[in-house]
Every structure is written in structure tokens, then in C-alpha cells.
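Okay, structure first, notes after.
The values are calculated or read from the model by the stated rules, or taken from the named source; none is laboratory data. As the structure is a prediction and not an experimental result, all values here were calculated from the model. All Cβ positions, even for glycine, are placed from backbone atoms using ideal geometry, and neighbour counts span all protein chains on display. Accessible surface is based on the protein model in full, side chains and every heavy atom, while ligands, DNA and RNA are left aside. Shrake-Rupley method; radii C 1.70, N 1.55, O 1.52, S 1.80 Å.
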Amino acid sequence: MARSSLPLIASIALGNALVPLNSTMLVVALPAIARDAGTDIAATSWLITTYLIAMAALQPIGGRLGDRYGRRRLMLGALAYFGLASIGAALAEGLVLLTVFRLQQAIAAALIVPNGLGVLRSAAGDRAGMHFGMIGTMSGTAASVGPLLGSLLVTIDWRLCFLVNVPLVALALVLARANVHDDVAHREARF
């Protein structure tokens, strides 16, 4: 029998939604970041590029680490890591340090996505297709809401584009801790 529930799906959907939200939301903040950093928009575009390249390149490794050490453990740790990296980015002074924290967000996202989807696949059973569709819908919605949310937050302060992640991460962590069950780690698995 499949062990899936709405809170489990919500925790995974929230974790996965952070990835596109943080790409599209930040795009509208680049001019404000460039102004505060005293640089041009081309330099700030590395905040987006670094994030997307690192996250995409590291996802297969993140999934393999979850197979070996446990998906739940990595998903929960990565959510917390994403929240801390978001706080670091909000507090960062200068473009270089901000880019370093964006890279940390990307590493966390590369662990969140494959491990969350792995947890869902294990829990959903014959309803996996429907649940993956719900996750995909949430991710697409997050990507489309990002520019609107980013433009609203930038009117106050571009740093809020990072701080808005903190309550989302906290909610995902609370839901995941209560609803994502331990999985079997395959310690003998090799890379």
C-alpha cells in the first residue's frame, strides 16, 4: 500500500518549488543588485547562471548521494542548508559573496529535487503519476509567480528575494519531518 499524503506531497512540492522560484524571482532584482553592488547587469547575471548550471550539473550526484545515505536525511539537510544559504545571501555584502551564497543555494537545490522526487516515488506507489503531475504543476506555478513576487519584494529591498525563502523552507521542513518516512540507504552502492 502506498504511503502518500497531502502533507508529504506539499513538503516535496514546496522544496521543488524553491528551485524555479529562486531563478525567476531574482531576475527582476538584478538591476537593484547591480546598483547596490556598483556594477553592471551583465556581472549580476552570474547570480542566475551560476545557480542554474551548478544545480543542473549536481542533481545526478545529489540523487546518488540520497541512494547511498538516505533520501529523507539528505532532503531535510538540504532544505535547512538552502534556508541558511538564503539568509547568507540576504546578508551578503558585495557581488562575490552573494554569488558564493547563490552557489550554496544551488548545491542545496541539487540535493532537494532528486531526493524529494525519490521519496515521492517510493511513497506513491500506483499513484506516482498523479503525484508527479502535482509536483510539476507546483514547480511551473512557482516559476510563473517568481517575477511578480520578485518585483513586489524589490520595491522594498532586493534582499527580501532571499529572505522570502526562509518561511517556505521552514514550512517544508516541518511538513517533511512529520510526513517523510525513513528510507533504506544502500551503503554498499558505489558511484
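The residue list Ala170, Ala10, Val28 was ranked by how far each Cα lies along the charge dipole of the chain toward its positive end, using unit charges on Cβ atoms, and Ala10 comes out on top.
Counting only protein heavy atoms and using a 1.4 Å probe, the accessible area of Ser5 comes to about 40 Å². Note on region 1-83: the C-alpha convex hull projects to 7.0 nm² when averaged across all orientations. Couplings 3J(HN,Hα) for region 128-139, derived from phi with the Karplus relation 6.51 cos²θ - 1.76 cosθ + 1.60 (θ = phi - 60°), are 4, x, 5, 5, 5, x, 5, 5, x, 5, 5, 5 Hz, where x marks Gly and Pro.
With the gyration tensor restricted to C-alpha atoms of the chain, the semi-axes of the equivalent ellipsoid amount to 30, 17, 13 Å, longest first.
Rg and Dmax, both from the Cα atoms of region 119-169 and both in Å, are 15.2, 46. Each listed q (0.24 Å⁻¹) maps to a log10 I(q)/I(0) for region 89-191, found by the Debye formula over equal Cα scatterers with no solvent: -1.44. In a fully extended conformation the segment linking Ile41 and Glu93 would gain 17.0 nm over its present Cα-Cα distance, using 0.36 nm per residue. What the Kirkwood sum gives for region 43-118 is a hydrodynamic radius of 12.3 Å, with every pair of different alpha carbons counted. Net charge dipole, region 58-170: roughly 400 debye, given to the nearest 20, about the Cα centre with Cβ charges of +1 for Lys and Arg and -1 for Asp and Glu.
Projected over every direction and averaged, the convex hull enclosing the alpha-carbon atoms of region 66-106 yields 2.8 nm². Taking every alpha-carbon pair under 8 Å whose residues sit at least 6 apart, region 14-162 reaches a relative contact order of 42 percent.
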